[in-house]
Amino acid sequence: MLTSNDKIMVAMSGGVDSSVTAALLVEQGLSVSGVTMCFELPPHSGESRPSCCGLESIEDARRVCKRLGIPHHVLNYGDALELLVIRNFIGEYAQGRTPNPCVRCNQFLKFDRLFKDAKALGATHLATGHYAQIVRNEAASSWEMRKAKDTRKDQSYFLYGIPSEILPFIVLPLGGLKKDEVRAQARRFNLPVAEKKDSQDICFVPDGKYQDFLAARGGGVDKPGPVLDSAGKVVGAHKGLSHYTVGQREGLGIALGAPAYIYKIDRATNTIFIGPEEKLLSAGLLASGLNWLGGKFLQESFEAGIKIRYNQTDIKGSVAILEKGQVRVRFLMPQKAVTPGQSVVFYNGDILLGGAVIESSMENF
């Protein structure tokens, strides 16, 4: 429970969600300030400034803070974004994987660098506009992250990387609201961004053309190579690995007389493998970099609700904890398009247990 002695710093992108977050906390009579993460990147041909810290977004956040009567800070995390998110993004595509930069941004920037800086500026808590809930479990004497009330907007999938020890100091006011309710709150507070559209792009690729971004950075991800069918026969050529992902059907430019899907990308040979839909099915997966939020491990192997992509209904399966942060997941029913570089996230009902980065699929059923 927040008190008048707490000082809340709100991460404000200039969007509706973070603006309403700040407004709701101010309405509670709390000591609130806003902070906008700015990313001044080194100059690279073909890049534009991240959308979340463009001049318009910074100005929108400033106007909201002025409307609410709270201080507004702008902090530059350009070097950290480059080192911890963008280089990983480029490197993963160079290996034929499909990364999730939002997960890394939350893990290494918002809930690490920004959290520490907020503390250094005198804040006791960091608040964000994410759709998820943090709840105190009195029976277990622990804090839990849970799914949002609005299951269509639930963002807990992107938050599994948060260190468990900082959960008591994170505030997520939107977790109990639906998106239309948040928009209504923005109008009630007469916020200048009440009608602003939500952004769906990667923040440092605001035009959505991530292949152009990768090409501008080099790395050989656009080198053409062969496309093989499931029998190992060359059936075409691809224009560079960055243009493709596991499970993709459209845009292959290859006619086999039947629907064909990418089921494997091999960076070592710069080869893409395509085949019938059943080639996408996997019995499970191996993942690494486990971050655990669920208190003590239930046991070395346990049943869980599992997501292998955002906005997916939980699937049933078992999780085995291996050495050095690795996990082995077996699905109760085979799943399509297990994609290396994406995240696998575990739930006990609505409770977020943890997650890891997918390394490979398991083909044997």
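When region 134-149 is filtered for residues that are of a type in the set (A, V, I, L, M), in contact (Cβ under 8 Å) with a residue 40 or more places away in the chain and within 17 Å of residue 345 (Cα to Cα), the ones remaining, listed by number, are 134, 145.
The residues on offer are 57, 45, and the sole one that is at pLDDT below 95, polar (S, T, N, Q) and part of a loop (DSSP other than H, G, I, E, B) is 45.
Being assigned to a loop (DSSP other than H, G, I, E, B), more than 13 Å from residue 352 (Cβ to Cβ) and over 14 Å from the mean Cα position of the chain (by Cα), is that true of even one residue in region 98-120? No, every residue in region 98-120 fails to be assigned to a loop (DSSP other than H, G, I, E, B), more than 13 Å from residue 352 (Cβ to Cβ) and over 14 Å from the mean Cα position of the chain (by Cα). Taken over region 83-97, the criterion of being assigned to a helix (DSSP H, G or I) and in contact (Cβ under 8 Å) with a residue 12 or more places away in the chain is satisfied by 84, 85, 86, 88, 89, 90, 91, 92, 93, 94.
When each of 184, 216 is tested for being assigned to a helix (DSSP H, G or I), among the small types (Gly, Ala, Ser) and over 26 Å from residue 69 (Cβ atoms), the lone residue that passes is 216.
From the list 118, 184, the one residue that fits, being within 25 Å of residue 38 (Cα to Cα), modelled with pLDDT of 90 or more and not β-branched (Val, Ile, Thr), is 118.
Among residues of region 1-27 that are under 18 Å from residue 179 (Cβ atoms), those with a Cβ under 6 angstrom from a residue that is part of a loop (DSSP other than H, G, I, E, B) and not β-branched (Val, Ile, Thr), sequence gap 6+ or separate chain, pair up as 16/196; 17/129; 18/12; 18/129; 19/191; 21/129; 23/189. Tallying residues that are free of Cβ contacts under 8 Å to residues at least 40 places away in the same chain and either loosely packed, with under 15 Cβ neighbours inside 10 Å or assigned to a loop (DSSP other than H, G, I, E, B) (or both) within region 321-361 yields 6.
The C-beta contact set for region 188-211 (first residue surrounded by fewer than 17 Cβ atoms within 10 Å (Cβ to Cβ), second residue part of a loop (DSSP other than H, G, I, E, B) and modelled with pLDDT of 90 or more, distance under 8 angstrom, 6+ apart or interchain) comprises 198/15; 199/15.
Condition (residue is in contact with a strand residue (DSSP E or B) (Cβ under 9 Å, 6 or more places away or on another chain) and more than 23 Å from residue 116 (Cβ to Cβ)) applied to region 153-164: is it met by at least one residue? Within region 153-164, one or more residues are in contact with a strand residue (DSSP E or B) (Cβ under 9 Å, 6 or more places away or on another chain) and more than 23 Å from residue 116 (Cβ to Cβ).
Given the criteria of a type outside the set (Asp, Glu), in contact with a strand residue (DSSP E or B) (Cβ under 6 Å, 6 or more places away or on another chain) and within 30 Å of residue 352 (Cβ to Cβ), does residue 305 qualify? So residue 305 passes the test.
On inspection, residue 166 does not qualify as outside the structural domain of residue 306 (by TED's automatic domain parsing) and outside any helix (DSSP H, G or I). Kindly check whether there is at least one residue in region 64-74 that is closer than 30 Å to residue 26 by Cα, assigned by TED's automatic domain parsing to the domain that holds residue 22, surrounded by fewer than 19 Cβ atoms within 10 Å (Cβ to Cβ) and free of Cβ contacts under 8 Å to residues at least 12 places away in the same chain. Taking every residue of region 64-74 in turn, at least one turns out to be closer than 30 Å to residue 26 by Cα, assigned by TED's automatic domain parsing to the domain that holds residue 22, surrounded by fewer than 19 Cβ atoms within 10 Å (Cβ to Cβ) and free of Cβ contacts under 8 Å to residues at least 12 places away in the same chain.
Of all residues in region 229-244, those being under 19 Å from residue 97 (Cβ atoms), in contact (Cβ under 8 Å) with a residue 24 or more places away in the chain and not in a helix (DSSP H, G or I) number 3.
The values are calculated or read from the model by the stated rules, or taken from the named source; none is laboratory data. As the structure is a prediction and not an experimental result, all values here were calculated from the model. No Cβ is skipped: glycine too gets one built from the backbone with ideal geometry, and neighbour counts run over all protein chains shown.
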